[in-house]
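Visitor: Have a look at this one.
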Amino acid sequence: MELAVRVVTPDKVIFDGAAFKVVARGLDGDFAILRDHCSLMAPLGIGELKIVDAEQKNCYIAVDGGILEVSQNQVKILSRDAMLAEDIDIARVQMELERSQREKDNLKNRAEQQREDEEISKLMNKLCCGRHCER
Amino acid sequence: MMESLREIKDRISATGSMSKITSAMQMVASAKLTKFEQKNKDFQEYLKTLEAMMSKLTVKRHPFFQPVNNPHIGYLVITSDRGLAGGYNNNVLKLLANKERPYNLYMLGSKGFEYAKSHGLTVENPDIFVPDDVIYHDIHTVIDQMLDDFRTGKISKIVAIYTRYVSKILQVPTEKQILPIEPTNQDKSMPYEMEPSEEDVLYTLLPQYLEGVLYGAVLTSKLSEGASRMNSMQNATDNAVDIIRDLQLIYNRARQAHITEEINEIIGGASAI
């Protein structure tokens, strides 16, 4: 039996399928889940989620943080915002990234700058993830 | 007599075109409702998974569980952007009107802002519209602001006032305490490994859970708005049909009277010769 993986966001179910391996970005670094993993709950950082299926094909998802739960070979990932790599519009992300960087330079407030920094790292993550599909 | 016949005719055609508009609006609302029902179903899965995860946590040490000593309660009122939705907005705002001041007010939807303006209330957050195809991203600024205000002690509670969707014919104006969280039952069926620590999981899960609950309130309100608009437009169309029927009757009677009068005049004229 393989892993049953579901990636859920408030707006829709992004991914629902079987996988051989899941690689995610935790708070302390990347970790992988294989079958028969013990029950686990772990927060995710901003990073990409790699889902490898039985034929060793990779599916990449850009995740803006969230939480991962493993229980009885079922992997659930809950994220506020997640996007399949093939759905990412690279040109648009790049434009938004440039805008965010410009905005950040104009901000004086530290808290606002931090927020913008987070936005930038989310966009960078989307960009990196989106490029998997280009290759 | 001629004039009043014409007037009745005009009223019939005016009512007719109005009923066309309301029935079109009803159809639009019902199409949107179907779409929203799907969206809500997708979201319920997200929320249920979050709730299941919450119930597995054993540690409950977080500012979100602690009551704060401050008389200010934060109310989040969810209304619609547009009218013609029956009593939808009024019912929600009536709940707010009964609240004791002082409170801090947060609004979603422009009808709420109009109400606050006319009643001299201050709204903490900038104007936010809730479009029909609302996504989580649209409303997160208000939610972030409320959670920040709770953390800094500006408000002691967060209560959402919204309309809960039960079915197409029943929507209930509801208030629900969001913060501080009332402890729920614990699911002790299986021990979980928490990575890196249970506190870390809690600190990630809680904000996400709260946002989920609040977004859920927005979605169910949107559903109610759609249903309410659909029903009120249905009623308007039915009323228009009734009015047209009555007017038609009056028109026919007036026309008949007019004809009778003309015949009388002709006969009278003929017998005079």
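Visitor: For the list (1) in contact with a Gly (Cβ under 7 Å, 6 or more places away or on another chain); (2) buried (at least 21 other Cβ atoms within 10 Å of the Cβ), I need the number of the one condition that A:Thr9 fails.
Guide: (1)
Visitor: Filter the range A:59-82 down to the residues that are facing chain B (nearest Cβ under 9 Å) and among the hydroxyl-bearing types (Ser, Thr, Tyr), then identify the one that is farthest from B:Glu195 (Cα to Cα).
Guide: Filtering the range A:59-82 for residues that are facing chain B (nearest Cβ under 9 Å) and among the hydroxyl-bearing types (Ser, Thr, Tyr), the one farthest from B:Glu195 (Cα to Cα) comes out as A:Ser79.
Visitor: Which of the numbered conditions does B:Val134 fail, given that it passes all the others? Conditions: (1) away from chain A (no Cβ under 14 Å); (2) open to solvent by less than 30 Å² (accessible area, probe 1.4 Å); (3) in a loop (DSSP other than H, G, I, E, B).
Guide: Looking at each condition in turn, B:Val134 falls short on (1).
Visitor: May I ask you to say which residue of B:Met53, B:Met18 is surrounded by 15 or more Cβ atoms within 10 Å (Cβ to Cβ) and either away from chain A (no Cβ under 14 Å) or not in a helix (DSSP H, G or I) (or both)? First the steps, then the outcome.
Guide: Details: B:Met53 fails: either away from chain A (no Cβ under 14 Å) or not in a helix (DSSP H, G or I) (or both).
After ruling out the rest, the residue left standing is B:Met18.
Visitor: In this structure, is B:Lys111 part of a helix (DSSP H, G or I), away from every other protein chain (no Cβ under 14 Å) and under 18 Å from the mean Cα position of the chain (by Cα)?
Guide: Working: part of a helix (DSSP H, G or I): yes; away from every other protein chain (no Cβ under 14 Å): yes; under 18 Å from the mean Cα position of the chain (by Cα): yes.
Considered against the rule, which asks whether it is part of a helix (DSSP H, G or I), away from every other protein chain (no Cβ under 14 Å) and under 18 Å from the mean Cα position of the chain (by Cα), B:Lys111 comes out as yes.
Visitor: With the requirement that a residue be of a type in the set (Phe, Trp, Tyr) and outside any loop (DSSP other than H, G, I, E, B), what does the range A:1-43 give you?
Guide: Here is the first cut: in the range A:1-43, the residues of a type in the set (Phe, Trp, Tyr) are A:15, A:20, A:31.
Within the range A:1-43, A:Phe15, A:Phe31 meet the criteria.
Visitor: Further, regarding this structure: Every residue in the range B:56-67 that is closer than 25 Å to B:Thr152 by Cβ and open to solvent by 50 Å² or more (accessible area, probe 1.4 Å), please. It would help to see each step written out before you state the result.
Guide: Within the range B:56-67, the subset closer than 25 Å to B:Thr152 by Cβ is B:57, B:59-67.
The answer is B:Lys60, B:Arg61, B:Pro63, B:Gln66, B:Pro67.
Visitor: Let me ask you something else. Within the range A:84-102, is even one residue at positive phi and either within 14 Å of chain B (Cβ to nearest Cβ) or at pLDDT 90 or above (or both)?
Guide: There is no residue in the range A:84-102 that is at positive phi and either within 14 Å of chain B (Cβ to nearest Cβ) or at pLDDT 90 or above (or both).
Visitor: While we're here: If you scan the range B:203-230, which residues turn out to be more than 9 Å from every other protein chain (Cβ to nearest Cβ), surrounded by fewer than 20 Cβ atoms within 10 Å (Cβ to Cβ) and touching a strand residue (DSSP E or B) at 6+ places or on another chain (Cβ under 9 Å)?
Guide: Correct list: B:Val213 only.
Visitor: Among B:Ser232, B:Ser221, B:Ser197, B:Ser228, which is of a type in the set (Ser, Thr, Tyr), on the phi < 0 side of the Ramachandran plot and free of Cβ contacts under 8 Å to residues at least 12 places away in the same chain? Outline the logic, then answer.
Guide: Details: B:Ser232 fails: free of Cβ contacts under 8 Å to residues at least 12 places away in the same chain; B:Ser221 fails: free of Cβ contacts under 8 Å to residues at least 12 places away in the same chain; B:Ser228 fails: free of Cβ contacts under 8 Å to residues at least 12 places away in the same chain.
Among B:Ser232, B:Ser221, B:Ser197, B:Ser228, only B:Ser197 is of a type in the set (Ser, Thr, Tyr), on the phi < 0 side of the Ramachandran plot and free of Cβ contacts under 8 Å to residues at least 12 places away in the same chain.
Visitor: With B:Lys168, B:Lys188, B:Lys154, B:Lys176 as the choices, which residue is open to solvent by 60 Å² or more (accessible area, probe 1.4 Å), at pLDDT 85 or above and over 30 Å from B:Arg82 (Cα atoms)? First the steps, then the outcome.
Guide: Working: B:Lys168 fails: over 30 Å from B:Arg82 (Cα atoms); B:Lys188 fails: at pLDDT 85 or above; B:Lys176 fails: over 30 Å from B:Arg82 (Cα atoms).
Of the residues listed, the single one that is open to solvent by 60 Å² or more (accessible area, probe 1.4 Å), at pLDDT 85 or above and over 30 Å from B:Arg82 (Cα atoms) is B:Lys154.
Visitor: Of the residues that make up the range B:70-77, is at least one open to solvent by 80 Å² or more (accessible area, probe 1.4 Å) and modelled with pLDDT of 90 or more? Show your work before the answer.
Guide: Step one: filter the range B:70-77 for residues open to solvent by 80 Å² or more (accessible area, probe 1.4 Å), giving B:71.
Narrowing further to those that are modelled with pLDDT of 90 or more: none.
For the range B:70-77, residues open to solvent by 80 Å² or more (accessible area, probe 1.4 Å) and modelled with pLDDT of 90 or more: absent.
Visitor: Turning to a different aspect of this structure: Can you confirm whether the range A:7-14 contains a residue that is closer than 18 Å to A:Arg80 by Cβ, touching a Pro at 6+ places or on another chain (Cβ under 6 Å) and within 14 Å of chain B (Cβ to nearest Cβ)? Lay out the reasoning, then the answer.
Guide: Restricting attention to the range A:7-14, the residues satisfying the condition of being closer than 18 Å to A:Arg80 by Cβ are A:7-14.
Keeping just the survivors that are touching a Pro at 6+ places or on another chain (Cβ under 6 Å) gives none.
No, there is no match, as no residue in the range A:7-14 is closer than 18 Å to A:Arg80 by Cβ, touching a Pro at 6+ places or on another chain (Cβ under 6 Å) and within 14 Å of chain B (Cβ to nearest Cβ).
The values are calculated or read from the model by the stated rules, or taken from the named source; none is laboratory data. This one's a predicted model, so the numbers in the text were calculated from it and none came from an experiment. We place every Cβ from the backbone using ideal geometry, glycine too, and count neighbours over all the protein chains shown. Each accessible area value is taken on the protein alone, full model and side chains, heavy atoms only, with ligands, DNA and RNA left out. Shrake-Rupley method; radii C 1.70, N 1.55, O 1.52, S 1.80 Å.
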